[in-house]
1. Can you tell me which residues in segment 78-97 are more than 16 Å from residue 136 (Cβ to Cβ), modelled with pLDDT under 95 and surrounded by fewer than 17 Cβ atoms within 10 Å (Cβ to Cβ)?
2. Identify all residues within segment 106-126 that are of a type in the set (A, V, I, L, M) and in a strand (DSSP E or B); write none if there are none.
3. Just a yes or no: is a residue in segment 47-61 among the aromatic types (Phe, Trp, Tyr) and at pLDDT 90 or above?
4. Does at least one position in segment 141-155 carry a residue that is among the β-branched types (Val, Ile, Thr), without any contact (Cβ under 8 Å) to a residue 60 or more places away in the chain and not in a strand (DSSP E or B)?
5. Which number in (1) over 13 Å from residue 90 (Cβ atoms); (2) part of a strand (DSSP E or B) marks the one condition that residue 129 misses?
6. Considering segment 144-163 alone, what residues qualify as being touching a Leu at 6+ places or on another chain (Cβ under 8 Å) and among the β-branched types (Val, Ile, Thr)?
7. For residue 112, indicate whether it is in contact (Cβ under 8 Å) with a residue 24 or more places away in the chain, in contact with a helix residue (DSSP H, G or I) (Cβ under 8 Å, 6 or more places away or on another chain), within 18 Å of residue 155 (Cβ to Cβ) and surrounded by 14 or more Cβ atoms within 10 Å (Cβ to Cβ).
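The values are calculated or read from the model by the stated rules, or taken from the named source; none is laboratory data. Predicted model, so just to flag it, every value in this text is computed and none were measured. Neighbour counts run over all protein chains shown; Cβ positions are idealised from the backbone, glycine included.
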Amino acid sequence: MKNTPLSPKRRQVLIWGGLSVFAGSIAAYLGRGDRVKPSLSAPESPAPSMPDERAVTFAPSSPVEITHEGIEALLNSEFTLDRADEPAITGTLIEITPKRRLHGPSAEYDAFSLVFTAKSDFPKDGAICRISHPQLIPSEVFLTPVGRPVEGKVLLEAAFSLRV
């Protein structure tokens, strides 16, 4: 994984992807997410209550939430990408961008993105998908197509800004 500066096009894609995630979250919160509802259920084996639940360390066999550190070991592994009312597809995690610390007026955030490769029958405008892997708690994220490396494949990116 090289730490290269973002091109203007990639920066634009990340900004629009982040705005789409934010808008989708607000719509789901207000009950307007008519296709995919956010998952509010707790993990099967709940972690003890701590100030920052993302910092909880689980046993290797227990699924964890998506964090930069938690997903690094899953690079080049297969995930299930499940869109509402569509058959699930398999995607391979091919890139994890370096984590950057963002400083907001009232909080700090760790920003990074995940890039998957999957079959090219993915919507052109992106979609909210439930991504799952045996080592992760399933999460609903907005995946945006960002390229087509070869015929029949598409690159999908999910941007994250996690409050520290």
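1. 84, 85, 86, 87
2. Matches in segment 106-126: 111, 114, 115, 118.
3. no
4. yes
5. Among (1) over 13 Å from residue 90 (Cβ atoms); (2) part of a strand (DSSP E or B), the lone unmet condition for residue 129 is (1).
6. 144, 146
7. Working: in contact (Cβ under 8 Å) with a residue 24 or more places away in the chain: yes; in contact with a helix residue (DSSP H, G or I) (Cβ under 8 Å, 6 or more places away or on another chain): yes; within 18 Å of residue 155 (Cβ to Cβ): yes; surrounded by 14 or more Cβ atoms within 10 Å (Cβ to Cβ): yes.
Considered against the rule, which asks whether it is in contact (Cβ under 8 Å) with a residue 24 or more places away in the chain, in contact with a helix residue (DSSP H, G or I) (Cβ under 8 Å, 6 or more places away or on another chain), within 18 Å of residue 155 (Cβ to Cβ) and surrounded by 14 or more Cβ atoms within 10 Å (Cβ to Cβ), residue 112 comes out as yes.
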